[in-house]
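Structure incoming, see below.
The values are calculated or read from the model by the stated rules, or taken from the named source; none is laboratory data. These numbers were taken from a predicted model, which means no experiment stands behind them. All accessible areas refer to the heavy atoms of the entire protein, side chains included, with ligands and DNA or RNA removed. Shrake-Rupley method; radii C 1.70, N 1.55, O 1.52, S 1.80 Å.
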Amino acid sequence: MSEVTIYRIALTVFALAVFCAGVWTIRLRSEVVEKVEKYPRNRLWGMILGWWALIWCVPHAAAVSPGFLLPWLWPLALAVPVACYFFLDYLLARAVGGLMILSAYFLVHATFEHHAPGAAIAAVTGWMWGLAGIWISGKPAALRDWIRRCCANGGFRKISAGLMMLFGAVIFIVMTLTR
C-alpha cells in the first residue's frame, strides 16, 4: 500500500470522525446534560484512547528520545494508560485532546508532504483543530463545560457543530483532490 493511499484512508477516517462529532454536537439538548457531561471523565474509554494515542506517539518519540529511554518507550506506552486509569481525572478528555493534537499534526505534515491541493486551507484547519486539542489537554474540565454550554445554548451548539462539519468537509475535499 502506497503512502498516498494510507494518507487518503487516514483523512477519510479523520473526516468521518470529525463529521460524526459535529452530528453528535448538534443533537445535544438540555434534557441530556446530566448524562453527557459525565463523558469527559470516562476512565475506560480514556484508557483505550490513551493507548491509541501513545502507540501513535512512540515512533515520533523514538526520534527525539535519549538512547537509554528507547527500550522503555513501548512498555511505557502500554503501562501509562493503565496507571492513568487509577490516578487521573477527566481521562477521556485528556485522551481526546491528545488525539486531536496528533491528528492535527498528521493533517498538516502529510498534506504538505503529499503536495495536496488546498494545503494552506488544510493547514489552517489542522492548526485550529490542534489548538482545540491543546485547550482540552491543558484544561480537561473545559470539555465538560463546552458540552454544558452546547446543551444550554442553541446558537453555540449550532456554531460548534457547524465548525466541526466544516472541518470534516475541508478534510474530505483535500482527500478527494489528492492524487
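Can you compute the equivalent ellipsoid semi-axes for the range 1-95, i.e. the square root of 5 times each eigenvalue of the Cα gyration tensor, sorted largest first and rounded to whole Å?
Semi-axes (√(5λ), whole Å): 30, 22, 8.
Under 25 °C and 0.890 mPa s, how fast does the chain diffuse according to Stokes-Einstein, given a Kirkwood radius computed over C-alpha pairs? Answer in µm²/s, whole number.
The Stokes-Einstein estimate is 142 µm²/s.
Of the heavy-atom accessible surface of the chain (probe 1.4 angstrom), what whole percent is carbon and sulfur?
Looking at the chain in its full context, I get 74 percent from C and S.
In addition: How much mean residue ellipticity at 222 nm does the chain get from its helices, if each DSSP H run of length 4 or more adds -39500 (n - 2.57) and you divide by all residues, to the nearest 500 deg cm²/dmol?
Theoretical 222 nm ellipticity from helices: -27000 deg cm²/dmol.
Roughly how many Å² is the accessible area per residue of the chain, as a whole number, for a 1.4 Å probe?
Roughly 58 Å² per residue, with all protein chains present.
Do you know the relative contact order of the range 20-108, to the nearest whole percent, from alpha carbon pairs under 8 angstrom that are 6+ apart?
Computed over the range 20-108, the figure is 44 percent.
Hey, in the GNM for the chain with a 10 angstrom Cα cutoff, which one of VAL108, VAL82, VAL58 fluctuates hardest?
The residue that fluctuates most here is VAL58.
Distance from the Cα centre of the range 54-94 to that of the range 104-148, in angstrom?
21 Å
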